Every structure is written in C-alpha cells, then in structure tokens.
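Trainee: Quick one: structure below, then a few questions.
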Amino acid sequence: MCSMKKRVAVITGAASGIGKAISLLLAHNGYYVFLFDKDQKQLLRVINEEFAADSSDYYCGDVTIKEDVEKALVQCVQKTGHIDALISNVGILEKTDFLKMTEQQWDKTIDVNLKGVFLWGQAVAKWMVENNVSGGIVNIACMRASLVGKSMSAYAAAKAGVRMLTKAMAVELAPYKITVNAVEPGRTQTDLLKSHIIDKSGEELRQRLIPLGRFAMPAEIAQAVLFLLSDQARYITGASIPVDGGYSIEKD
Ligand SMILES: NC(=O)c1ccc[n+]([C@@H]2O[C@H](COP(=O)([O-])OP(=O)(O)OC[C@H]3O[C@@H](n4cnc5c(N)ncnc54)[C@H](O)[C@@H]3O)[C@@H](O)[C@H]2O)c1
C-alpha cells in the first residue's frame, strides 16, 4: 500500500455525463480520482482515453450492491492509502406514471438513486472516522428534490431523500469534521437528458423556461462540486446547492 500525496476522490457513475466531468475537473485540479461505474465498456474507454494511469484507478460495480462498494473501497485504499472525498453521483430516471408504476420499478429507482448514496456514504464515512480523516462528501441530487415533474414520482421521492440524507449525514458526521453537501442540477447536457428529449420544439421551450436560457453543461455542475470539496468551503455542511440556471426560483 502506498500513501498518495494527492487528495483522493471516489466518484460514482464516473463513466459518463456529470460523473465523468467531475472526475476530469478533480483530476485537472490535482486529485487522484477513483472511478466507479457499472458500465464496464464505457468505464474502460474513459479511463484509458482520458485519465493518466498514475493518477487514476477504477472499479466496475453497482452502487446498490454492498459487496461491490466494500470491495471498491478496499481497492482504492490499498492503492492510494487514503480517501479524502466521495462524490455520490449515480442516478437513473425512468419515467413512469404513478398509477402504472410496478413495485419493481419503484424499488429500482429508490435503490439506485437513494440506497446507493447510503451504501457509499456510510462505507466512506466509516473509513474516514476510523482513520481520523476530515474529508468531504458531495451527493448529486436534482432540482426534482423540490420540484416534481410528470411521471417522476419515484425519482423525485428518491432525490428528496438524497437531500434529507445529506442533511442527516452532515449532522452526524460534523463531530468528525467531515462535511456533507448536495448539488442539485437542473437539466444538464448528458445521455440521461438526451434519452428524455422527445422533440426539438419541446427542447427549445424547456430552455426558454430557464432564466439563464439554456441547459447546463456537465462541467458547470462539476465546478460546484470542486468548490464544495475545497478548503474555502470547510464551513459549509448540510447545504443543497441548486445549479439550474435559476429554474427553481422562477414561478412566472
Ligand atoms: N442530466 C440531467 O439533466 C440531470 C439533472 C439533474 C440531476 N441529474 C443527476 O446527475 C447525476 C448524473 O446524471 P447524468 O445525467 O450524468 O447521467 P448519465 O446517465 O449520463 O450517467 C450516469 C452514470 O451512472 C452509471 N450507473 C447507472 N446506474 C448505476 C449503478 N447502479 N451502479 C453504478 N453505476 C451506475 C451509468 O453507467 C452512467 O455511467 C444523476 O444522479 C442524475 O439524477 C442529472
């Protein structure tokens, strides 16, 4: 086991979209990045093409499987010696009408979006407490934590859960000087968004409803994460920061 001089960050859902952008920005800012994702092909492609071998590692696993989380954490610590930051970013949106939703659909959405944040958050927090590390945790929630959309009941409930879990973790981990915050993105240009855009005119209308007039770029969400993990943010904990171009504040 080596003791890495760089700060070490674990990023879940790191093979694409916002998770990949967070991983790239942290790497550019001197972090050793540990990428976790269940999509092995995409994860390998990204790690080989976009990250330096001496400042990154990866594990292919599922955030809903405790064994995957524990094995990944052990691999990360064996390789780097420590963990300073966790970014729980995995999320899925499978739109289903409330009246038609099956128990399986409900469970899947809640497990991936909320249980995954619990499993990774608890594993990393335990390691930090046992090893006297005052690190930072950032959970990626969504503007849907407070603004519901059609056919999003399970997703919105899960993201509201992430917002409140963030506050609960912040309170319980504050005695160990571990900060826990959430970022709540609005619509962001990723594969997840693309899969929900049905027609171009609808897309234009949605952009007009955002005060800043456009969807976010993944790198813009990553900037908020970088700040929350920085020394300048050591007094911020339990916060949920909207990065949504003002969408959640305008009620015209
Ligand atoms: N894109 C948006 O418009 C938007 C808006 C608000 C919030 N968010 C949130 O941001 C986060 C990232 O979203 P994105 O748009 O980058 O999504 P994305 O679909 O582009 O990427 C998600 C990544 O998570 C991985 N993943 C999915 N399920 C997994 C699991 N069970 N275990 C491990 N990895 C898994 C996927 O393989 C993928 O690489 C999510 O939490 C999402 O809810 C996105």
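The values are calculated or read from the model by the stated rules, or taken from the named source; none is laboratory data. This is a predicted model, so every value here is computed, not measured. In this analysis, Cβ positions are derived from the backbone assuming ideal geometry, glycine residues included, and neighbour counts consider all displayed protein chains. Accessible surface is based on the protein model in full, side chains and every heavy atom, while ligands, DNA and RNA are left aside. Shrake-Rupley method; radii C 1.70, N 1.55, O 1.52, S 1.80 Å.
Trainee: At a Förster distance of 45 Å, what's the computed FRET efficiency of Glu172 paired with Ser201, Cβ-Cβ distance as r, to 0.05?
Mentor: Working: r = 47 Å, r/R0 = 1.05.
Step by step, r from the Cβ atoms, then E = 0.45.
Trainee: While we're here: Measuring from centroid to centroid over Cα atoms, what is the spacing of segment 159-224 and segment 95-152 in Å?
Mentor: So the two Cα centres are separated by 13 Å.
Trainee: So what does Ser3 come to for accessible area, using a 1.4 Å probe and Å² rounded to 10?
Mentor: Around 100 Å² of this residue is reachable by solvent.
Trainee: Find out how many positive minus negative residues lie around Thr179, taking Lys and Arg as positive, Asp and Glu as negative, among other residues whose Cβ is under 15 Å from that of Thr179.
Mentor: +1
Trainee: Calculate the spin-label point distance for Glu94 paired with Asp39, positioning each point 7 Å from the Cα along the beta-carbon direction, and give it in nanometres.
Mentor: Taking the simple label geometry, Asp39 and Glu94 are separated by 1.6 nm.
Trainee: If a helix is a whole DSSP H run, which ones in the chain reach 30 Å or further along their own axis (Cα) and hold a mean Kyte-Doolittle hydropathy of at least 1.6?
Mentor: On the way: long enough: none.
Flagged H segments: there are none.
Trainee: Ranked from the most accessible area to the least, with a 1.4 Å probe and all protein chains present, what is the order of Ile236, Ile83, Ile249? It would help to have the intermediate numbers written out before the result.
Mentor: Working: Ile236 50, Ile83 0, Ile249 140 Å².
Largest accessible area first, the list is Ile249, Ile236, Ile83.
Trainee: Can you give the log10 of the normalised intensity I(q)/I(0) at q = 0.14, 0.20, 0.21 Å⁻¹, computed with Debye over equal Cα scatterers of segment 111-252?
Mentor: -0.69, -1.23, -1.32
Trainee: Rounded to a whole number, what % of the accessible area of segment 8-236 do carbon and sulfur atoms account for, probe 1.4 Å? Walk me through the intermediate numbers first.
Mentor: Numbers: 5990 of 10910 Å².
So the carbon and sulfur contribution to the accessible surface is 55 percent.
Trainee: Once you treat every alpha carbon in the chain as an equal point and sum by Debye, what is log10 I(q)/I(0) at q = 0.08, 0.09, 0.11 Å⁻¹?
Mentor: -0.29, -0.37, -0.55
Trainee: Leaving ligands, DNA and RNA out of it, work out the accessible area of Leu44 with a 1.4 Å probe and give it in Å² to the nearest 10.
Mentor: Accessible surface of Leu44 is approximately 60 Å².
Trainee: Further, regarding this structure: Based on Cβ point charges of +1 for Lys and Arg and -1 for Asp and Glu, what charge dipole magnitude is obtained for the chain about its Cα centre, in debye rounded to the nearest 20? Mind showing how you got there, number by number?
Mentor: Details: 29 positive and 28 negative charges, 59 e Å.
Rounded to the nearest 20 debye, it is 280 debye.
Trainee: Would you please name the trypsin sites (Lys or Arg not before Pro) within segment 163-252 that are DSSP coil residues with at most 10 other C-beta atoms within 10 Å of their C-beta?
Mentor: On the way: sites: Arg163, Lys167, Lys177, Arg187, Lys194, Lys200, Arg206, Arg208, Arg214, Arg234, Lys251; in loops: Lys177, Arg187, Arg214, Arg234, Lys251.
Listed in order of number, the matching sites are Lys251.
Trainee: Add -39500 (n - 2.57) for each DSSP H run of 4 or more in the chain, then divide by its residues: what number comes out at 222 nm, to the nearest 500 deg cm²/dmol? Spell out each step's value before the answer.
Mentor: Values: 9 runs with 106 residues, N = 252.
Dividing the helical sum by the residues of the chain leaves -13000 deg cm²/dmol.
Trainee: Expected output is a single nm value to one decimal: the length gained when fully extending between Glu67 and Leu192, i.e. 0.36 nm times separation in residues minus the C-alpha distance. What is it? Can you show the working numbers first?
Mentor: On the way: separation 125, 0.36 × 125 = 45.00 nm, distance 2.63 nm.
Full-extension gain reported as 42.4 nm.
Trainee: Additional query: Note down the nm distance, to one decimal, between modelled labels 7 Å out along Cα→Cβ at Ser3 and at Gln78.
Mentor: About 2.1 nm, to one decimal.
Trainee: Going down the list Lys150/Lys251; Lys100/Lys167; Lys71/Lys95; Lys66/Lys167, which pairs span over 28 Å between their C-alpha atoms?
Mentor: Lys100/Lys167; Lys71/Lys95
Trainee: Roll a 1.4 Å probe over the protein heavy atoms and report the accessible area of Ile197 in Å², nearest 10.
Mentor: 50
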